[in-house]
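I have placed the structure first, in the form of structure tokens, so that the comments after it can refer back to it.
The values are calculated or read from the model by the stated rules, or taken from the named source; none is laboratory data. Predicted model only: the values in this text are computed from it and were never measured. Please note: Cβ atoms are built from the backbone with ideal geometry, for glycine as well, and neighbour counts cover all protein chains shown.
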Amino acid sequence: MQQPISAATLPPGVRGHHRTGLGTGQVHLGLGNFHRAHQAVYTAAALAEEDGPWGVHAFASRSRAVVAALREQDLLSAVLEISPGGTAVTVPAVHTRADVAADDPAAVVAAIGAEATRVVTLTVTENGYTYSPATQRLDLDDPGVRHDLRDGRAPTTVVGQLVRGLQHRLRSHAAPVTILSCDNLSANGERTASLVREFAAELPAAEQAELLPWLDRAVAFPSSMVDRIVPATTGAHREAVGRRLGLRDLVPVPAEPFSMWVLEDAFAAGRPRWEAGGALFTDHVEPYELLKLRLLNGTHSLIAYLGALAGAATIPDAVARPFVEQAARAVLLDEYAPTLTVPDGVDLDSYVAQLFGRWANTALGHRTSQVGGDGSVKLAQRVPEPALFHLANGGVPQHLALTVAAYLCCVAPRPGADPGPHAAAMRDPARERLAERSARTGSTRAFVEGVLAEDHLLTPDVGAERAFVERVAELVDVITAHGPEAAAAEASAA
Ligand code: CS2
């Protein structure tokens, strides 16, 4: 039996930074794999170059297992950088405390409120922002939001936690702070700021009057683009750490070698020197965000759904099928790329070539069911604006329609259709509602219309585009009757 990874057992040279006496200047919400393979690695690089009180108090939203394991390991865990050429191991030592938000909501409020906290980072997924796709605003019907507006002591939603933490701050010392969204949402900083303000605007008048002007003065919400493919942990990753370090790590994180972080340099109370880890600071994050959100994430969704329907367990397995690769190139080059302004210094051809290289990383084994998960919230970030761009120019974007059709066939198959095990493994907050609608609606056209025009799976303006709705419905029928390859062929023939 191997010894657990810990400050005492870690071989010298593996750890990114010695954390004895590290002060806690950051709070992180969303202690998942992505955070540990991305912001934690950049913070370790920053601390290696320039000392500072930038330790991280991290909260998992619910996962007790990860927090329990990290606590047994002195909050250390390995990042495995996996490529077909081999695996590199690092241990970014930046965490000073780990807790489960759901178990101790008051601790989240206190941590955000602490005077020493200068940056609050978020990786809570698209699903964590409790906004309504129909209004693009805070979802005031969400039971968690309603609870958090009523009860200030134990917030359950991320927006509630932020606002209650900020109120606590304002009342105890009013020191400025930065809230930094690191999720795949367009204009993630602005959106987080709006959600926080919308929540604040629902508070009693006296609280609003106190909070809103202070938010303007003292709280910064920079936008950022984050990029690194980070799959879920499996036993093979634990074994790899055992082999490499001779230590037991229950929660190592696999990641691709590629990593990118582009941020607006608008911090209210300082920040770690993340550029030491390669982060890029710019006044114009948006073109990077859209480039990544559409070319990588948008295309990723299509690869995941077509791949899963064709029986592919992983993204590399999916993209190795010629029809999936062809559809991915078509959606990326013909439908997403024309909607973008390519940022200065980025060469589109090399960016695209690199994307296909990253997706083909067989050693990483990124699962189609993982990328395909939460499509009901992800697609709304990826598809609507590009679709509307083409529709306004008089064309129906065939592969965007195919993306939506393939998604629906995965999570809400038409009666009698079996999408296979990889689609069945996709978790989605809307799965039950969509599947129920599919089961009770005889005509595919009526089903798709219900999903897009009534449920607003995308945005209401896409739902109102009859030609798009019709094309999605036709492609759902082709997938159901003849499979994903036939539908991809139809989409490219149109
Ligand atoms: C993926 C992303 O699951 C998904 O939706 O598209 O997690 C993707 O791997 C990352 O954004 C890469 O940076």
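Condition test on residue 69, is it among the hydrophobic types (A, V, I, L, M, F, W, C) and either farther than 30 Å from residue 196 by Cβ or without any contact (Cβ under 8 Å) to a residue 40 or more places away in the chain (or both)? Before you say what the answer is, go through the steps one by one.
On the way: among the hydrophobic types (A, V, I, L, M, F, W, C): yes; either farther than 30 Å from residue 196 by Cβ or without any contact (Cβ under 8 Å) to a residue 40 or more places away in the chain (or both): yes.
Yes.
Mind checking which residues of the stretch 229-254 are within 16 Å of the ligand (Cβ to nearest atom) and buried (at least 18 other Cβ atoms within 10 Å of the Cβ)?
Going through the stretch 229-254, the residues within 16 Å of the ligand (Cβ to nearest atom) turn out to be 229-233, 253-254.
Selection gives 229, 230, 231, 233, 253, 254.
Every residue, every condition in (1) surrounded by fewer than 24 Cβ atoms within 10 Å (Cβ to Cβ); (2) farther than 22 Å from residue 32 by Cβ; (3) among the small types (Gly, Ala, Ser); (4) in contact with a Pro (Cβ under 8 Å, 6 or more places away or on another chain), yes or no:
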{"position": "155", "(1), (2), (3), (4)": "no, no, no, yes"}
{"position": "162", "(1), (2), (3), (4)": "no, no, no, no"}
{"position": "171", "(1), (2), (3), (4)": "yes, yes, no, no"}
{"position": "176", "(1), (2), (3), (4)": "yes, yes, no, no"}
{"position": "200", "(1), (2), (3), (4)": "yes, yes, yes, no"}
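Can you go through 208, 136 and tell me which one is assigned to a loop (DSSP other than H, G, I, E, B) and over 24 Å from residue 31 (Cα atoms)? Quick ask: steps written out before the conclusion?
Details: 208 fails: assigned to a loop (DSSP other than H, G, I, E, B).
136 is the lone residue from the list that is assigned to a loop (DSSP other than H, G, I, E, B) and over 24 Å from residue 31 (Cα atoms).
Give the residue, chosen from 304, 327, 320, 312, that is surrounded by fewer than 17 Cβ atoms within 10 Å (Cβ to Cβ) and of a type in the set (A, V, I, L, M, F, W, C).
Step by step, each of 304, 327, 320, 312 is checked, and only 320 is surrounded by fewer than 17 Cβ atoms within 10 Å (Cβ to Cβ) and of a type in the set (A, V, I, L, M, F, W, C).
Name every residue in the stretch 218-253 that is among the polar types (S, T, N, Q) and either touching a Ser or Thr at 6+ places or on another chain (Cβ under 6 Å) or outside any loop (DSSP other than H, G, I, E, B) (or both), in order of residue number.
We begin by selecting, within the stretch 218-253, every residue among the polar types (S, T, N, Q); these are 223-224, 233-234.
Once the filter is applied, which keeps residues that are among the polar types (S, T, N, Q) and either touching a Ser or Thr at 6+ places or on another chain (Cβ under 6 Å) or outside any loop (DSSP other than H, G, I, E, B) (or both), the stretch 218-253 yields only 224.
If you check 365, 373, 298, 357, which single one turns out to be within 16 Å of the ligand (Cβ to nearest atom) and free of Cβ contacts under 8 Å to residues at least 12 places away in the same chain? Steps first, please.
Details: 365 fails: free of Cβ contacts under 8 Å to residues at least 12 places away in the same chain; 373 fails: free of Cβ contacts under 8 Å to residues at least 12 places away in the same chain; 298 fails: free of Cβ contacts under 8 Å to residues at least 12 places away in the same chain.
Exactly one of 365, 373, 298, 357 is within 16 Å of the ligand (Cβ to nearest atom) and free of Cβ contacts under 8 Å to residues at least 12 places away in the same chain, namely 357.
Do you know which residues across the stretch 421-441 are assigned to a loop (DSSP other than H, G, I, E, B) and loosely packed, with under 15 Cβ neighbours inside 10 Å?
Keep residues of the stretch 421-441 that are assigned to a loop (DSSP other than H, G, I, E, B), which gives 425-430, 441.
Of everything in the stretch 421-441, those that are assigned to a loop (DSSP other than H, G, I, E, B) and loosely packed, with under 15 Cβ neighbours inside 10 Å turn out to be 427, 429.
Which one of these is within 16 Å of the ligand (Cβ to nearest atom), at pLDDT 95 or above and under 19 Å from residue 354 (Cα atoms): 257, 287?
Numbers: 287 fails: within 16 Å of the ligand (Cβ to nearest atom).
None of the others qualify; the one that does is 257.
How many residues does the stretch 472-494 hold that are more than 14 Å from residue 412 (Cβ to Cβ) and β-branched (Val, Ile, Thr)?
Residues flagged as more than 14 Å from residue 412 (Cβ to Cβ) and β-branched (Val, Ile, Thr) within the stretch 472-494 amount to 1.
If residue 225 passes every condition in (1) aliphatic (A, V, I, L, M); (2) surrounded by fewer than 17 Cβ atoms within 10 Å (Cβ to Cβ); (3) within 16 Å of the ligand (Cβ to nearest atom) but one, which one does it miss?
(2)
Within the stretch 332-365, can you find the residues that are among the polar types (S, T, N, Q) and on the phi > 0 side of the Ramachandran plot?
The answer is none; no residue qualifies.
If you go through the stretch 177-206, how many residues are among the hydroxyl-bearing types (Ser, Thr, Tyr) and either without any contact (Cβ under 8 Å) to a residue 24 or more places away in the chain or away from the ligand (no atom under 16 Å from the Cβ) (or both)?
Initial filter on the stretch 177-206 (among the hydroxyl-bearing types (Ser, Thr, Tyr)): 178, 181, 186, 192, 194.
Those left that are additionally either without any contact (Cβ under 8 Å) to a residue 24 or more places away in the chain or away from the ligand (no atom under 16 Å from the Cβ) (or both): 178, 192, 194.
Total meeting the criteria: 3.
Can you tell me which condition residue 117 does not meet? The list is (1) within 23 Å of residue 213 (Cα to Cα); (2) of a type in the set (S, T, N, Q); (3) in contact with a helix residue (DSSP H, G or I) (Cβ under 6 Å, 6 or more places away or on another chain), and all the others hold.
(3)
Residues in the stretch 254-298 that are hydroxyl-bearing (Ser, Thr, Tyr) and not in a helix (DSSP H, G or I): how many?
Kept after step one, since they are hydroxyl-bearing (Ser, Thr, Tyr), are these residues of the stretch 254-298: 259, 282, 288.
Applying the additional criterion that residues be not in a helix (DSSP H, G or I) yields 259, 282.
The qualifying residues number 2.
From the list 308, 312, 318, 304, exactly one residue is within 11 Å of the ligand (Cβ to nearest atom), aliphatic (A, V, I, L, M) and touching a Ser or Thr at 6+ places or on another chain (Cβ under 8 Å). Which is it?
Details: 308 fails: within 11 Å of the ligand (Cβ to nearest atom); 312 fails: within 11 Å of the ligand (Cβ to nearest atom); 318 fails: within 11 Å of the ligand (Cβ to nearest atom).
Answer to the selection: 304.
So, restricting to helices (runs of 4 or more DSSP H) that lie completely within the stretch 1-88, which ones have at least 2 residues that are within 16 Å of the ligand (Cβ to nearest atom) and crowded, with 24+ Cβ neighbours inside 10 Å? Please lay out each step first, then the result.
Working: elements: 33-37, 39-49, 64-72.
It comes to 33-37, 39-49.
Please determine whether any residue of the stretch 407-414 is among the β-branched types (Val, Ile, Thr), in contact (Cβ under 8 Å) with a residue 12 or more places away in the chain and in contact with a Lys or Arg (Cβ under 7 Å, 6 or more places away or on another chain). Talk me through it step by step, then tell me what you get.
From the stretch 407-414, those among the β-branched types (Val, Ile, Thr) are 411; that's our starting set.
If we keep only those that are in contact (Cβ under 8 Å) with a residue 12 or more places away in the chain as well, we get 411.
Filter once more, keeping what is in contact with a Lys or Arg (Cβ under 7 Å, 6 or more places away or on another chain): 411.
Yes, that holds for at least one residue.
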